[in-house]
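Undergrad: Let me begin by handing over the structure; questions about it come next.
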Amino acid sequence: MKKLEKLYEGKAKMVFKTDSPDHYIIEYKDDATAFDGKKKGTIEDKGVVNNLMSAKMFQLLEKQGIESHFVELINDRESIVKAVEIIKVEVIVRNVATGSMVRRLGVQDGLVLDPTVLEYCLKSDEYSDPLINDYHIAAMKLATEDEMQQIRDMAFKINAFMREVFFNLNLNLIDFKLEFGRYKGKILLADEISPDTCRFWEIGTNRKMDKDRFRQDLGNVKATYQEVLQKVQTL
């Protein structure tokens with residue numbers, strides 16, 4: 001499959017056309033940003049970790065009946081994916097309160113959430129991905145009611161599976177971001193599953209094992225990303 005012109009470049013990935021109308025190539029970058037782009041840097045080999053970990057997680061989820069855009073790895077930094085039309089709604093799944101939820105609502109950091117909380121954000125760098133609700137989604141024609149029901153069902157199923165998977169790797173899945181896309185009449189899981197899009201706390205120590213190490217200047221960012229990947233590769 002030939003890699004053609006670049007369609008899109010985001011904070012963490014580049015998307016390229018291919019000689020197949022049904023497929024794109026995604027290239028993962030080492031660039032790191034936080035706080036709506038106010039903090040910028042580089043995490044060496046982050047792109048490799050995120051590509052390889054996403055591929056593994058998508059393959060595991062496929063076995064659970066969750067279809068994704070992932071097709072196959074090309075190399076350590078690139079994957080072939082289905083040419084989905086991304087739905088402009090980011091889904092945040094929260095099992096434990098931390099980060100922006102604590103700042104917005106004043107709840108205790110580390111509070112276990114029962115039930116699990118779903119939040120929606122408008123996928124928009126220009127407006128800093130603001131929180132939206134079902135009414136916004138319907139009024140802005142971002143997705144249909146049926147599509148959002150499918151997305152909710154998939155999000156909870158993904159969460160249940162991944163919480164168990166990461167618990168067995170000695171990691172608590174605190175929260176994570178999901179994106180979905182349309183492809184030939186189906187709703188597919190898209191984007192990535194990585195330390196960039198998930199928060200992991202080590203069981204027993206609460207050591208942060210994700211992008212918060214970059215956000216909060218905790219150090220050992222590359223080593224921690226590599227440690228998470230090594231755990232996932234044992235699955």
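Undergrad: Of the residues Glu5, Glu27, only one is loosely packed, with under 13 Cβ neighbours inside 10 Å, of a type in the set (Asp, Glu) and assigned to a strand (DSSP E or B); which?
TA: Working: Glu27 fails: loosely packed, with under 13 Cβ neighbours inside 10 Å.
One residue alone meets the criteria, Glu5.
Undergrad: Let me ask another. Restricting attention to the stretch 30-54, and to residues there that are buried (at least 18 other Cβ atoms within 10 Å of the Cβ) and hydrophobic (A, V, I, L, M, F, W, C), which single residue is nearest to the chain's Cα centre (by Cα)?
TA: Met53
Undergrad: Continuing with this model, one more query. Does the stretch 120-143 hold any residues that are farther than 21 Å from Phe35 by Cβ and out of contact with any Lys or Arg (no Cβ under 7 Å at 6 or more places or on another chain), and which are they? Walk me through it before giving the result.
TA: Start the filter on the stretch 120-143 by keeping residues that are farther than 21 Å from Phe35 by Cβ, which leaves 133-143.
Of everything in the stretch 120-143, those that are farther than 21 Å from Phe35 by Cβ and out of contact with any Lys or Arg (no Cβ under 7 Å at 6 or more places or on another chain) turn out to be Asn133, Asp134, Tyr135, His136, Ile137, Ala138, Ala139, Met140, Lys141, Ala143.
Undergrad: Looking at Arg94, is it surrounded by 17 or more Cβ atoms within 10 Å (Cβ to Cβ) and touching a Gly at 6+ places or on another chain (Cβ under 6 Å)? Spell out how you get there, then give the answer.
TA: On the way: surrounded by 17 or more Cβ atoms within 10 Å (Cβ to Cβ): yes; touching a Gly at 6+ places or on another chain (Cβ under 6 Å): no.
No: the conditions fail for Arg94.
Undergrad: From the set of residues in the stretch 147-165 that are without any contact (Cβ under 8 Å) to a residue 60 or more places away in the chain and more than 25 Å from Glu85 (Cα to Cα), which is surrounded by the most Cβ atoms within 10 Å (Cβ to Cβ)?
TA: The qualifying residue surrounded by the most Cβ atoms within 10 Å (Cβ to Cβ) is Ala160.
Undergrad: Looking at (1) more than 22 Å from Leu235 (Cα to Cα); (2) out of contact with any Lys or Arg (no Cβ under 9 Å at 6 or more places or on another chain), which is the only condition Gly204 fails?
TA: (1)
Undergrad: For the stretch 176-222, which residues satisfy the criterion of being buried (at least 23 other Cβ atoms within 10 Å of the Cβ), without any contact (Cβ under 8 Å) to a residue 40 or more places away in the chain and more than 20 Å from Cys121 (Cα to Cα)?
TA: Matches in the stretch 176-222: Phe200, Met209, Asp210.
Undergrad: While we're here: Across the stretch 110-128, what is the total count of residues that are out of contact with any Asp or Glu (no Cβ under 6 Å at 6 or more places or on another chain), in contact (Cβ under 8 Å) with a residue 12 or more places away in the chain and not in a strand (DSSP E or B)?
TA: The number of residues fulfilling the criteria is 4.
Undergrad: Find the residue count for the stretch 178-203, including only residues that are on the phi > 0 side of the Ramachandran plot and of a type in the set (D, E, K, R).
TA: Filtering the stretch 178-203 for residues on the phi > 0 side of the Ramachandran plot gives 184-185, 191.
So of that shortlist, the ones also of a type in the set (D, E, K, R) come out as 184, 191.
Number of matching residues: 2.
Just so you know, all these numbers are worked out from the coordinates, no wet-lab data involved. Just so it is clear, the structure is predicted and the values come from calculations on it, not from any experiment. All Cβ positions, glycine included, derive from the backbone under ideal geometry; neighbour counts span all protein chains shown.
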